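The values are calculated or read from the model by the stated rules, or taken from the named source; none is laboratory data. From a predicted model like this one, the values you see are computed outputs, not experimental measurements. Don't worry about glycine lacking a Cβ; one is built from the backbone with ideal geometry, like all the others, and counts go over all protein chains shown. Heavy atoms of the whole protein, side chains included, go into the accessibility calculation; ligands, DNA and RNA do not. Shrake-Rupley method; radii C 1.70, N 1.55, O 1.52, S 1.80 Å.
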Amino acid sequence: MKHSRPPLPASSGSSLASLAVAPPGAPRPRPRRLWLVQLTFVLPALAYLAALCLFPLYYNVRMSLEHVTVGSFLTGVAPFVGLQNYRDLLGDALFFRALEQMALFTVLSIVGQMGIGMSLALLFWRSFPLSTAMRALLLVPWLLPLIVSATVFQWIFDFDSGVLNYALRGLHLIGEPVPWLTSSGYALAAVVITNIWVGVPFSMAVFYSGLQSLPKELYEAAELDGANALQRFWFVTLPLLRPLTAIVFSLSVIYTVKVFDLIFVLTHGGPADSTQTLATYSYQLSFRNLDFGHGAAVGNVLVLVSLCFAVLYLRSFRRTMAAGEG
Amino acid sequence: MRAGARSAEWTRVGAGSLAVAVMLFPIYWMINASLQPRVAMLQTFPAFIPNPPILDAYRNIIDAQGPHVLVSCVVAGLSAIVSLTVAAPCAYAIVTFRMRWTTGFVLLLLLVQMMPNIVTPNALYAIFARLQLLNTYAALVLCDSTLSVPFAILLLRAFMVSLPKTFTEAAMVDGAGYWGAFVRVILPLSRNGLITAGLFCFLFAWSDFLFALTMSTKQRIVPITLGIYQFIGTHNTDWPSVMATAVLASVPPIVLLLFGQKYITAGLTGGALKD
């Protein structure tokens, strides 16, 4: 951000109010003082963002290029090792496993969240008795602290007293209880199910608001042309919702790759690292092994992944904005 | 035709009820368990209705978890105040002083919001350790607000854009200056926006687990989220007590939903989508 010179007010509509349209005789701050006054509005936010949002990003890059040990925290000195930490990751089988599991976790979660979210949005599209109350209730899982959700699901998935095993056995779908969280074959599935439960309300709410803005005439026309419900969805709704879907998709990826609390409480990344993702692995390296250099390197790979999808998001975001204004 | 529409409507009611039942089952199960004796939860056939409901589990945990709830209230309250104080003037500036960098700044805020929060403690642990800020309220409030400051700026900006300009103009004509117009006109007009943003900032900080886990290493300042986590570790078969703790931690979000539903729906999509 440049602050060294007085910012120029753009000639767009909203600035007229404060500057150009001031009637004659109105006291108007002199230009030099003006930008100082303006600066006081943004300075606290800029300072905060710089110190607590941007500086950590920079500091992580720095740490990832250093050999950080417990002693480094006392002395503040850590030897520069260049890209060694990243080279180590390339030879680290667990890193690649975490990357792979993160990808699987993300894909499965998003397919579930967006699929169920879209179905529910379509269900609630036309209002019916109690639909408003139902939609409000469906938002509750989104509002619960993740720790609460994870704790409840930890018990639902419990081998002995979990209600899921109880229900599945009652329905004769399984003979023996399933070790959901204690077997490396099932743990990722359990974590994905929980994450879908957490994410459905968000998808539903966004798709619902998108559906509300679709033009009704198109559907009347399609109906007159003899299109059935499925055809209307496929040829009218989906194409119209494509920009919104792109936004929900990229946001969901960004939210899902960084999931930490849920996995940490449910499985700690285990058993046998079967639910380790980049987020939990970075935590483990830094805060369990006190190897902050490698932890930072893994964190930065995660930042890179998020950045890729953030660019995708911003592009679709701008396109929707442009479409909305035009 | 009319009968067909009728039955289609009932199908929707049925499907909607089923969705609500499935999605809310974990919450029902949590409350149900918290009202039962421990033995009832270890049986092969769990009791689906507390009969009679008992408050033993809550009595068991209130002494241990009550202080954690208090810590969470303080941290989340301070975080909301800090976030709004920093964000509101900034949002006003973005809306009012249309400057060259505003688009870039808004993009930066969106980007910052998307960064994986695991990198924040990774870097700040080292810095806070040197500044002797670990295990302080300040550390938790500052870290928790990393989520809410960008969010609040974007939300309040979306809100303030929709305010009629004539009010600000009138205040400026009266010689109020930018700060005068902001404090006396914009802030009161933005009441709903401020409530929404404040609710969410509180909620974000209340839900935080990662920063509590990493910045509060000495068990001096333990918010309820960390409290639950430590509680499961030591009482992992006393499910009624664990669930009672979970209920305790869910009370603020549920209360927020009940009293602020119109604000919640606005905020859910506001920060991410609305211009």
- Item | Label-point gap, in nm, between A:VAL70 and A:LEU304 - each point 7 angstrom along Cα→Cβ | 3.1
- Please give, to one decimal in nm, the separation of the simple spin-label points placed at B:ILE54 and A:LEU230, each 7 Å out from Cα toward the Cβ. 5.5
- Note on the structure: Of the residues A:LEU214, A:ALA187, A:VAL111, the Cα lying farthest along the dipole of the range A:70-216 towards its positive end, which is defined by charges on the beta carbon of Lys, Arg, Asp and Glu, belongs to A:LEU214
- Taking the Cα centre of the range A:84-325 as the origin, how large is its charge dipole in debye, to the nearest 20, when only Lys and Arg (+1) and Asp and Glu (-1) carry charge on their Cβ atoms? 460
- Note on the structure: For chain B, longest principal axis from Cα atoms; helix B:2-34 axis from its Cα atoms; angle between them, nearest 10 degrees, is 70
- Kindly point out which whole DSSP H helices in chain A project their C-alpha atoms 18 angstrom or further along the helix axis while averaging a Kyte-Doolittle hydropathy of 1.6 or above. A:238-257
- Message: Am I reading the A/B interface right? What is its buried accessible area, both sides, 1.4 Å probe, to the nearest 100 Å²?
- Response: 9500
- Output the residues of the range B:11-40 meeting this criterion: accessible area (heavy atoms, 1.4 Å probe) in the chain alone minus accessible area with all protein chains in place is 30 Å² or greater. B:ARG12, B:VAL13, B:GLY16, B:ALA19, B:VAL20, B:MET23, B:LEU24, B:PRO26, B:ILE27, B:TRP29
- Item | Of all accessible heavy-atom area on the range A:84-325, the percent that carbon and sulfur account for (1.4 Å) | 65
- May I ask for the Kirkwood hydrodynamic radius of the protein assembly as shown, worked out over all distinct Cα pairs and given in angstroms to one decimal? 26.1
- Relative to the longest principal Cα axis of chain B, at what angle does helix B:119-130 sit, 0 to 90 degrees, rounded to 10? 80
- Could you size up the charge dipole of the protein assembly as shown around its Cα centre, putting +1 on the beta carbon of Lys and Arg and -1 on that of Asp and Glu, and report it in debye to the nearest 20? 1940
- Query: Which of these, B:ASN51, B:ASN192, B:ASN32, has the largest mean-square fluctuation under a Gaussian network model of chain B (Cα springs below 10 Å)?
  - Reply: B:ASN51
- Message: For A:GLU66, what residues show an amide H to amide H distance below 5 Å, using hydrogens built from the backbone and excluding near sequence neighbours?
- Response: A:VAL81
- Note on the structure: Dipole check, the range B:63-270, charges on Cβ (K,R +1; D,E -1), about Cα centroid: among B:TRP239, B:LEU199, B:PRO252 the Cα furthest to the positive pole belongs to B:LEU199
- Note on the structure: Helix-only [θ] at 222 nm, the protein assembly as shown, -39500 (n - 2.57) per DSSP H run of 4+, per residue, nearest 500, equals -22500 deg cm²/dmol
- Query: Kirkwood hydrodynamic radius of the range A:84-325 from all distinct Cα pairs, in Å?
  - Reply: 20.1
- Would you look at the GNM of chain B, springs on alpha carbons closer than 10 Å, and say which of B:THR85, B:THR102, B:THR166 moves the most? B:THR166
- Radius, Kirkwood style, for the range B:63-270 when every pair of distinct Cα atoms is counted (Å): 18.6
- Report, as an integer, the average count of C-beta atoms from other chains found within 10 Å of each Cβ along B:104-111. 4
- Between the range A:230-255 and the range B:151-178, what is the C-alpha centre distance in whole Å? 34
- Task: Using a 10 Å Cβ count of at most 11 others and DSSP loop calls, identify the longest part of chain B lacking such trypsin sites (Lys or Arg not before Pro).
- Result: B:1-217
- Task: May I ask which residue of B:MET115, B:LEU131, B:TRP10 lies farthest towards the positive end of the charge dipole of chain B, with charges of +1 (Lys, Arg) and -1 (Asp, Glu) on Cβ and the Cα centre as origin?
- Result: B:TRP10
